[in-house]
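This report refers to the structure that appears directly beneath it.
The values are calculated or read from the model by the stated rules, or taken from the named source; none is laboratory data. If you're wondering where the values come from, they're calculated on a predicted model, not measured in any experiment. When we count neighbours, we look across all protein chains shown, and the Cβ atoms used for this are built from the backbone with ideal geometry, even at glycine. Calculation scope for accessible area: heavy atoms of the full protein, side chains included, ligands and nucleic acids excluded. Shrake-Rupley method; radii C 1.70, N 1.55, O 1.52, S 1.80 Å.
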Amino acid sequence: SNVLINACTRCSDNKRAAELLAEMRKEGLQPNVITYATVAKGLCLSGALGEADKVLGLADSQGIEINERMCTAYLRGCLVHGDVERVVPFVKRMAERWRVELHGAAAEYAARCLCMGLRASEAEELVAKADLTRGSAEGGGTEPSDGMGSRARASTATASSSSSSSSRLDVCAAPKPT
């Protein structure tokens, strides 16, 4: 049940949440987008991005629409756990396979993760293509909580009109203490 899976992820028992998903499927129950998103988000938060990727692949194979919130959670997991190598292939899959646009917090998480990996030119390229002036289409819970959002959005206008190093540095800058 989604309630039990959510309780497991909130308690950081992501292994049990994944087991419950498998049990649901074994019993012939149909997990929905909320089920898959909850399990994937928990795995992303714990750093089990490979497992989260498998859950997203399973959801996709079951006809579940992979949405912006799922992708944002995955990219946030990449940022928090420093998994730079997963960012570019995931962003490509977002666009090509799932038709999920990169913008808002997802674009910011992806760019910041690339910058952490000293891949600032890739981050700048990504930001130039992304629409950081738009918020989440899904609404709620995708805005970064560290104050970087408006700075990254403001720098996007500069990054789109020119490829100055100052815009790249702004996107890649560490958050200022509050």
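Quick notes
- Exposure ranking of Ile66, Ile34 by accessible area [1.4 Å probe, largest first]: Ile34, Ile66
- Derived scalar couplings ³J(HN,Hα) [segment 65-74; Karplus, 6.51 cos²θ - 1.76 cosθ + 1.60; whole Hz; x for Gly, Pro]: 6, 6, 10, 4, 5, 5, 5, 4, 4, 5
- Between Arg25 and Ser61, the simple spin-label model (points 7 angstrom out along Cα→Cβ) gives 0.6 nm.
- Contour excess over end-to-end distance, with Cα ends at Ser1 and Ala95 and 0.36 nm allotted per residue: 30.8 nm
- Heavy-atom surface analysis with a 1.4 Å probe gives segment 1-97 a carbon and sulfur content of 51 percent of its accessible area.
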